[in-house]
Amino acid sequence: MLERGVGVSYESIRRCNVKFGPLIAHILRRRQPRLGVVWHLDKVVVKIAGRSYWFWRAVRAFK
């Protein structure tokens, strides 16, 4: 904002947060989660030449 010639103080940002923060939090809490997409973290141990290696991958599951 300062680049555009508008000076903003910390107090004005705090007042904006006090004014609009509860409204934004209320809207975010009421949002329904997207159905059908669930991610699971899958880990596998593989032994190669006697050494253990951990492989991690994200697996998408549908409900």
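Every number in this text was worked out from the coordinates using simple rules, so none of it is lab data. Because the structure is predicted, anything quoted here is derived from the model rather than measured. Positions of Cβ are generated from backbone atoms using ideal geometry, with glycine treated the same way; all protein chains shown enter the neighbour counts.
Some points to look at:
- Cα-based helix-to-principal-axis angle, 10-30 vs the chain, degrees rounded to 10: 50 degrees
- Filtered trypsin sites (Lys or Arg not before Pro), the range 22-53: DSSP coil and at most 14 other beta carbons within 10 Å: 31, 34
- The charge dipole of the chain, taken about its Cα centre with unit charges on the Cβ atoms of Lys, Arg (+1), Asp and Glu (-1) only, comes to about 320 debye.
- The smallest convex shape that holds all Cα atoms of the chain, its convex hull, gives 217 Å³ per residue.
- Chymotrypsin sites (Phe, Trp or Tyr not before Pro) within the chain: DSSP coil, no more than 16 neighbouring Cβ in 10 Å: 62
- Considering only 45, 37, 18, the mean-square fluctuation computed in a Gaussian network model of the chain, springs between alpha carbons under 10 angstrom, is largest for 45.
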